[in-house]
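Student: Mind having a look at this structure? Questions to follow.
Read-outs: derived from the displayed coordinates by stated rules, not from any lab. In this text, all values refer to a predicted model and were calculated from it rather than measured experimentally. In this analysis, Cβ positions are derived from the backbone assuming ideal geometry, glycine residues included, and neighbour counts consider all displayed protein chains.
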Amino acid sequence: MAREARQAAESRLLTTWWNSPYISPMKNTTLILGFLLLSALTAHAQNSFPYAFTKASWNATFVGIAAQSAAFAIPDPVLSHESIDNLNATQVNWFDRAATRNYSLSYAKRSDQTLNILMVAPATTSAALLRTHSFNNTLTYAGMYLETFVITNGTKDLIKDLFGRTRPVFYNSNLSLSDRYDLADMGDGRTSFYSGHTAVAFSSAVFLASTHDELYDAPMRSAALWTVSLGLAGYTAYARYEAGKHFPTDILAGAIIGSALGYGIPKLHMVRHSGWSFSTHPQGLSLNYDLTCRFLM
């Protein structure tokens, strides 16, 4: 009897721990990354590795580092208490105005969780590449993602500092002035444009899915990967809106810029081998010529 009671207590404790707010994000992340890793490991790899570092990719990396360095050099815009006193939602354009009524700490935490999932998701492809390609190719893939992140992050930090747009939460009249003062004193009050969470989420999602298409011949898994990754990125963007962190225009700009970088940076690394190929088949012989496709600048 005592043994059964002890087992029941241990079971309740385990259930409470597994469903706690600290373990839940870890659980979700583990399940999604496990799915991605399983998909990559079981997919059929292409014969050749299509990526290499090129002059264009190095130039892009230099631009990203320069943007990040400039962002560090520029003082962060400060939102003063006097500025908050003069804020009014009617000053915001009609398209963005609804965001001034939003504020949610829970949505802010959720946006962090989904962003973290997307940021580490490309590591699953890197792990899978160790099985199908050389270690150098795995390093190239990891370097491509690091390059994409540096450029995305550096660009958004610089633009945030240059625009200095006030976050929508500071227009929210449902929050007391003292609460808004406290939020402003924490810093980051004038970094609304554009949404960094959204930009990094979409760049990671598009990078992951688009490079998977080049590396693996698995249409069904590719469709699932695009759906899951873009779904997580979209939810990240929505959570930033509900949290009162960004206006819709901030989010749209972040999604467009992030997607463009997530798709474009790997393309700068594309190297397709070309030349004549000779093959035989039951119907006879064939001679083909593939055009060179090198993204070099």
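Student: Please give the length that would be gained between ASP179 and SER134 if that part of the chain were fully extended, namely 0.36 nm times their separation in residues minus their C-alpha to C-alpha distance (nm, one decimal).
Tutor: Once the chain is fully extended between ASP179 and SER134, it gains 10.8 nm.
Student: Roughly how many nanometres apart are two label points built 7 Å out from the Cα toward the Cβ at ASP213 and ARG97?
Tutor: 4.0
Student: How far apart, in nanometres, would the label points at ALA66 and ALA89 be if each is projected 7 angstrom from Cα along the Cα-to-Cβ direction?
Tutor: 4.3
Student: Apply 1/(1 + (r/R0)^6) to the Cβ-Cβ distance of MET186 and ALA123, taking R0 = 35 Å, and write down the FRET efficiency to the nearest 0.05.
Tutor: So, using R0 = 35 Å, E works out to roughly 0.65.
Student: Quick one: if you stick a label point 7 Å off each Cα along the C-beta vector at ILE74 and LEU162, how many nm between them?
Tutor: About 0.6 nm, to one decimal.
Student: Lys/Arg Cβ at +1, Asp/Glu Cβ at -1, dipole of region 148-188 taken about the Cα centre: which of ILE151, SER173, MET186 is farthest positive-ward?
Tutor: It is ILE151.
Student: Further question: For ILE256, what is the net charge nearby, where nearby means another residue's Cβ is under 13 Å from its Cβ and Lys, Arg count +1, Asp, Glu -1?
Tutor: Numbers: positive: LYS156; negative: ASP250.
Counting the neighbours of ILE256, the net charge comes to 0.
Student: Which residue, chosen from ALA66, ALA89, PRO122, occupies the Cα position most advanced towards the positive end of the dipole of region 42-130, where the dipole is computed from +1 (Lys, Arg) and -1 (Asp, Glu) charges on Cβ about the Cα centre?
Tutor: Working it through, the farthest residue towards the positive pole turns out to be PRO122.
Student: By how many nm would the segment from MET220 to SER48 grow when fully extended, if each residue of separation counts as 0.36 nm and the alpha-carbon distance is taken off?
Tutor: Result for the pair: 59.8 nm of gain on full extension.
Student: At each listed q (0.12, 0.21 Å⁻¹), what is the log10 of I(q)/I(0) that the Debye formula gives for region 115-230 modelled as equal alpha-carbon point scatterers?
Tutor: -0.58, -1.10
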